[in-house]
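Taking it in order: structure first as structure tokens, then the write-up.
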Amino acid sequence: MLLGVAARMRLARLLLITDLRPDLAGFVQATVAAGVDIVQFRDPRAEPSALAAGYATARAELGDRRALLGLYDALELAQPLQCDLLQLSERSPDAALARASVHPWAQVGRSCHSRRQVDAALADPEVDFLTVGPVAGGLFGAGGLDLVAYAAAAAPVSDPSTKPWFAVGGVTLENLDEVIAAGARRVAVSRAITDAERPADAAAALKARLIQAGREDGGLATFGAFGS
């Protein structure tokens, strides 16, 4: 793979958020083979040493770099693990400070749960990508499909100058058409794959629908570099 991390991030459609499950090695290998473009580790119960070991296991399984690997809010591990991406929560430090914790080509992301946070992330030169949600809604009405539509208007996926963003939080195969209709063409999922009886099949179905949406748009053909 000759594409850089930034180019692969822009081409990515399906981001998988997972914890340190017992079958991690086989799970990562199978879901990436089925179409996952990014694997992000998020396990607040795990000790840093365990999280580092899980990341290393995944990297060993994906030695050919078939997918990008990332961490969520684990600044202390980002540099020693040479992670491809580091996503910051809405409570995390300034992205410029986090930039010092990653290698020069890594992508720094921001979680966004409101229009104000979307605007701030899009305007921040140190933020490379963002997640928008929760799609299913959250406390005090945060997120929802209205926020997805807002992000789609502020950062149209057809505009190559805009930052990549992923709809997140309760995205499933059953509601994916609604998420797509709201304007998302990239999604981040967890339980839709991690809790599936056949995780690889779930990943393949989600990816296929996202690819279909990109083809229906017409102008997004280059999105298909991964698994089209």
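Taking every residue in the range 191-214 that is within 14 Å of Val179 (Cβ to Cβ) and pairing it with any residue that is modelled with pLDDT under 95 and among the aliphatic types (A, V, I, L, M), at least 6 positions away or on another chain, the pairs with Cβ-Cβ distances below 6 Å are Gly214/Leu220.
Please go through the range 167-178 and give me each residue that is under 10 Å from Leu145 (Cα atoms) and either surrounded by fewer than 24 Cβ atoms within 10 Å (Cβ to Cβ) or modelled with pLDDT under 95 (or both), ordered by number. Glu178, the sole residue that qualifies.
Name every residue in the range 173-200 that is farther than 15 Å from Ala213 by Cα, touching a strand residue (DSSP E or B) at 6+ places or on another chain (Cβ under 8 Å) and either of a type outside the set (S, T, N, Q) or assigned to a loop (DSSP other than H, G, I, E, B) (or both), in order of residue number. The answer is Ala188, Val189, Ser190, Ile193.
Taken across the range 3-17, residues that are free of Cβ contacts under 8 Å to residues at least 40 places away in the same chain and under 24 Å from Val132 (Cα atoms) do occur, with at least one present. Just one residue in the set Ala33, Ala58, Ala50 is of a type in the set (A, V, I, L, M), surrounded by fewer than 14 Cβ atoms within 10 Å (Cβ to Cβ) and either part of a helix (DSSP H, G or I) or touching a helix residue (DSSP H, G or I) at 6+ places or on another chain (Cβ under 7 Å) (or both); that residue is Ala50. Go through Gly133, Gly138, Gly109, Gly143 for me and flag whichever is buried (at least 21 other Cβ atoms within 10 Å of the Cβ), modelled with pLDDT under 95 and either more than 22 Å from Ala208 (Cα to Cα) or among the small types (Gly, Ala, Ser) (or both). Unique residue meeting the criteria: Gly143.
So for the range 18-35 (the condition being among the β-branched types (Val, Ile, Thr), touching a Phe, Trp or Tyr at 6+ places or on another chain (Cβ under 9 Å) and within 28 Å of Arg198 (Cα to Cα)), does at least one residue qualify? The answer is yes; a qualifying residue exists. Of all residues in the range 1-24, those satisfying the criterion of being exposed (fewer than 15 other Cβ atoms within 10 Å of the Cβ) and part of a loop (DSSP other than H, G, I, E, B) are Met1, Leu2, Leu3, Gly4, Arg21, Pro22, Asp23.
Taking the range 118-167 as the range and being in a helix (DSSP H, G or I), free of Cβ contacts under 8 Å to residues at least 40 places away in the same chain, in contact with a strand residue (DSSP E or B) (Cβ under 7 Å, 6 or more places away or on another chain) and small (Gly, Ala, Ser) as the test, only Ala151 passes. The residues of the range 73-98 that are assigned to a loop (DSSP other than H, G, I, E, B) and surrounded by fewer than 16 Cβ atoms within 10 Å (Cβ to Cβ), listed by number, are Gln82, Ser89, Glu90, Arg91, Pro93, Asp94.
The values are calculated or read from the model by the stated rules, or taken from the named source; none is laboratory data. No experiment lies behind these values; they were computed from the predicted model shown. Heads up, the Cβs are rebuilt from the backbone with ideal geometry, glycines too, and the neighbour counts pull from every protein chain shown.
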